[in-house]
Amino acid sequence: MAKKEHPAERVLELHAELAEGPVWDERSHKLFFVDILGEAVHCFDPLSKEHVSFDVGRPVGCVVLREDGGLALAAGDGFFLVNVDGSGLRRFGNLSANSDVVRFNDGKVCPSGRFLAGTMDWEKRQPIGALYMLQGDGRVSELVEKVTISNGLAWDSAGTTLYYIDSPRHQIDAFDFDPETGAVSRRRTIAEFPDVSPDGMAIDSEGLLWVACWGGSRVERVDPSFGRTGEGVRLPTSNVSSVAFGGPGMDDMYITTAREEMSAAQRAAEPEAGNIFVARPGVCGPPSYRFKLE
């Protein structure tokens, strides 16, 4: 398969332990993301280069935008609401996971405004996590059980197919997704990654997926109809964690990376680890969906 690689450039020097979950706010033209193990939510303005963050006081798996202008988090043992400046942090929803054995990881809002986020085994070995769905009235339901490392999420343009990654399975799965209820069914595999661990992902306006490859120093483009395309973005560090489209034309691809699982020698050899990058692969993505409170 012929390869087509796009370059990436650093936009924020951060050296985060585990930068993850970028999401573009088209209202403020800022990028939000988390440092899971740093227990912080970050906000970066690519135009002014202003970068601020706030502490959450617990491992924070992901941040999403709310329709009313605030943020929602999957952090620690449950879901939380918070203002964009970090004030007013409060628990929301009826979920309390066992944070001694699992933690929240990646999450996104579906086209109907529900917040999906999953948990993972702290030891990264056992299928003791799950993918949950938070509704705007605080109700939480379990969509997928027996998950080891719940990771990337994306929906097709019709909102009727959910793409999902449980990283140790080394594949991307698709589900039929009911926009009315959020129910999932008919799980099947659309792409396999025997050589790397697929992590976070985003979908572009052509319906193709861009998948961060943990341990692979790249983001790969995947066609849900036949799998890996050979197109991608090359990064100067191994642990590529997630990707999101943003910018004025939604054609900037923001990419998070991490230093987690790297030895002192590896960190010295990869000084760009944990930084934030941007690529411009010539396609755009849809705006981020927002969590709707009831």
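Here are a few things to note about the model shown:
- For residue 118, the requirement of being assigned to a loop (DSSP other than H, G, I, E, B) and within 19 Å of residue 65 (Cβ to Cβ) is not met.
- Qualifying positions in segment 216-239 - outside any strand (DSSP E or B) and exposed (fewer than 15 other Cβ atoms within 10 Å of the Cβ): 225, 226
- Residues of segment 148-191 satisfying the condition of being in contact with a helix residue (DSSP H, G or I) (Cβ under 9 Å, 6 or more places away or on another chain) and hydroxyl-bearing (Ser, Thr, Tyr): 148, 150, 189
- Residue in segment 262-270 that is of a type outside the set (Phe, Trp, Tyr), in contact (Cβ under 8 Å) with a residue 40 or more places away in the chain and touching a strand residue (DSSP E or B) at 6+ places or on another chain (Cβ under 8 Å) present: no
- Of all the criteria given as (1) closer than 23 Å to residue 191 by Cα; (2) surrounded by fewer than 22 Cβ atoms within 10 Å (Cβ to Cβ), the one not satisfied by residue 137 is (1).
- Lone qualifier among 108, 124 - being touching a Cys at 6+ places or on another chain (Cβ under 8 Å) and either assigned to a strand (DSSP E or B) or surrounded by fewer than 18 Cβ atoms within 10 Å (Cβ to Cβ) (or both): 108
Rundown of residues vs (1) farther than 12 Å from residue 276 by Cβ; (2) among the β-branched types (Val, Ile, Thr); (3) touching a Cys at 6+ places or on another chain (Cβ under 9 Å); (4) surrounded by fewer than 16 Cβ atoms within 10 Å (Cβ to Cβ), yes/no style:
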| site | (1), (2), (3), (4) |
| --- | --- |
| 9 | no, no, no, yes |
| 13 | no, no, no, yes |
| 17 | yes, no, no, no |
| 22 | no, no, no, no |
| 26 | yes, no, no, yes |
| 32 | no, no, yes, no |
| 39 | yes, no, no, no |
| 42 | no, no, no, no |
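- Unique match (being within 17 Å of the chain's Cα centre (by Cα) and not in a strand (DSSP E or B)) among 272, 206, 260: 260
- When segment 157-189 is filtered for residues that are surrounded by fewer than 13 Cβ atoms within 10 Å (Cβ to Cβ) and either outside any strand (DSSP E or B) or in contact with a Cys (Cβ under 6 Å, 6 or more places away or on another chain) (or both), the ones remaining, listed by number, are 157, 158, 180, 181.
The numbers here are math on the coordinates, done by the rules we state, and not lab data. These numbers come from a predicted model, not from an experiment. Backbone-built Cβ (ideal geometry, glycine too); neighbour counts: all protein chains shown.
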